[in-house]
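Report on the following structure.
The values are calculated or read from the model by the stated rules, or taken from the named source; none is laboratory data. None of the values given here were measured: they were computed from a predicted structure. As a convention, Cβ positions derive from the backbone with ideal geometry for all residues, glycine included, and neighbour counts pool all protein chains shown.
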Amino acid sequence: MARRPLPIPGPIYLDTSALVKIYLPEPESAVLDRSLVGRQDLLVSDLALTEVASAVARRQREGSLPDAVGARIYRRLLSDVEEGFFLRLSVVPETHRDAERILMTSRVALRTLDALHLSLAVGAAAASLATFDRRMGAAAATLGLTVFPGAPE
């Protein structure tokens, strides 16, 4: 029996680990897709778009993704953003200040980019964070965000 999608309170901020799963088949891609289909409260950031470009380019360099397919995937992502499937958030100076505060107060050892993602999610009043990064999920939970696909172990 297929796992049923879980209701996720919105708005939902998608970090790079979640956004990649929408465009590249990976474990949990289908569950994520079913949980997000038809939603109009999905948030992505310029930072996540840049990280997806990096992930696609890395797979192209490694030979696991043909160049034409990688280019098509990235164009589709940008098209989906342009068409309004996602609300695009920009990194602004306040994002950095809030990320610094998160880094200095978090009991979770965060990477810089993770703190920036959390700053963007909190700044946009997201109710949930879609992530497949346990460390970021743990930090998000301490900030009051619901974490999908579930509480980190």
May I ask you to list the residues in the range 49-73 that are in contact (Cβ under 8 Å) with a residue 12 or more places away in the chain and either part of a loop (DSSP other than H, G, I, E, B) or of a type in the set (Asp, Glu) (or both)? GLU51, LEU65
Within the range 29-72, which residues are loosely packed, with under 15 Cβ neighbours inside 10 Å and either polar (S, T, N, Q) or within 15 Å of ILE12 (Cα to Cα) (or both)? ASP33, ARG34, VAL37, GLY38, ARG39, GLN40, THR50, SER54, SER64
Give me the residue from the range 1-29 that is part of a helix (DSSP H, G or I) and touching a residue at least 12 places away in the same chain (Cβ under 8 Å) and, out of that set, farthest from LEU143 (Cα to Cα). TYR23
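Among the candidates ARG76, ARG34, ARG101, single out the residue that is in a helix (DSSP H, G or I) and over 19 Å from the mean Cα position of the chain (by Cα). So that I can check it myself, show each step before the final result.
On the way: ARG76 fails: over 19 Å from the mean Cα position of the chain (by Cα); ARG34 fails: over 19 Å from the mean Cα position of the chain (by Cα).
Only one candidate qualifies: ARG101.
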Looking only at the range 98-115, decide whether some residue is of a type in the set (Val, Ile, Thr), surrounded by fewer than 17 Cβ atoms within 10 Å (Cβ to Cβ) and within 22 Å of SER29 (Cβ to Cβ). no
Check on PRO11, surrounded by 14 or more Cβ atoms within 10 Å (Cβ to Cβ) and either modelled with pLDDT under 95 or touching a strand residue (DSSP E or B) at 6+ places or on another chain (Cβ under 6 Å) (or both): yes
